[in-house]
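All remarks here apply to the structure that follows.
Please treat every number below as a calculation from the coordinates, not as lab data. Predicted model, so just to flag it, every value in this text is computed and none were measured. Cβ placement follows ideal geometry from the backbone for every residue including glycine, while neighbour counts extend to all protein chains displayed.
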């Protein structure tokens, strides 16, 4: 459609997850109309991320040092490990303020259709961490979708023979949701996870 630098920018933006052709075009023209200072700040932030951010050597969360701030925190319990798919899941759980253990980021979920099996995830590294003997409970906090369920089931089968407690985050109805709009899987889980009042 366009030519030269603007089309190259639209093409590159369109490769980002969740950014379709129209969004890529809108972002490209927003950048074109922005002050040069703002664009340089964006470019510098992108460059800095690629140069400074890495994955934690212990849990594989994002970090600018060998260990992330959570792994360095001595107040955290070594007896609990919450297994998540991506670093963004760590942020979501941390916002609740409810979890005071450690994390393990798998780097995705089992998805045979996309060619992602257990060997493409950080499962071996998780098993090495569990061999230390200090962990008592594993909380499986993978996404409540087909891939997340397959991953949680696979991990539970691997971990249970080690004698560790394996739990899964409860899932069910969101606050403010209507029963008539809930799918049958969500509604079924809400029944399974019910508690006394």
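Checking a compactness column here: for segment 68-168, what do you get for Rg(Cα) / (2.2 N^0.38 Å), N being the number of residues? Please list the in-between numbers first.
Details: Rg = 13.0 Å, N = 101, 2.2 N^0.38 = 12.7 Å.
Against the empirical 2.2 N^0.38 Å value, I get 1.03 for segment 68-168.
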key: Two-site label geometry, residue 66 and residue 184: point separation in nm, points 7 Å out along Cα→Cβ   = 5.3
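Taking every pair of distinct Cα atoms and averaging 1/r, then inverting, what Kirkwood hydrodynamic radius in Å comes out for the chain?
Values: mean 1/r = 0.0503 Å⁻¹.
Mean inverse Cα-Cα distance, inverted, gives 19.9 Å.
Return the Rg/Rh ratio of segment 87-132 with Cα-based radii and a Kirkwood Rh.
Numbers: Rg = 12.9 Å, Rh = 12.2 Å.
With Rg and the Kirkwood Rh in hand, the quotient comes to 1.05.
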request  = Using only alpha carbon positions, build the gyration tensor of segment 4-52, then give the equivalent ellipsoid semi-axes as the square roots of 5 times its eigenvalues, largest first, whole angstrom.
outcome  = 19, 15, 9
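Ratio of alpha-carbon Rg to the 2.2 N^0.38 Å globular estimate for segment 3-99, to two decimals, please.
Here the Cα radius of gyration is 1.47 times the empirical estimate.
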key: C-alpha center-to-center spacing [segment 102-125, segment 139-160] in angstrom   = 10
query = What is the distance in Å between the Cα centres of segment 16-31 and segment 50-84?
reply = 32
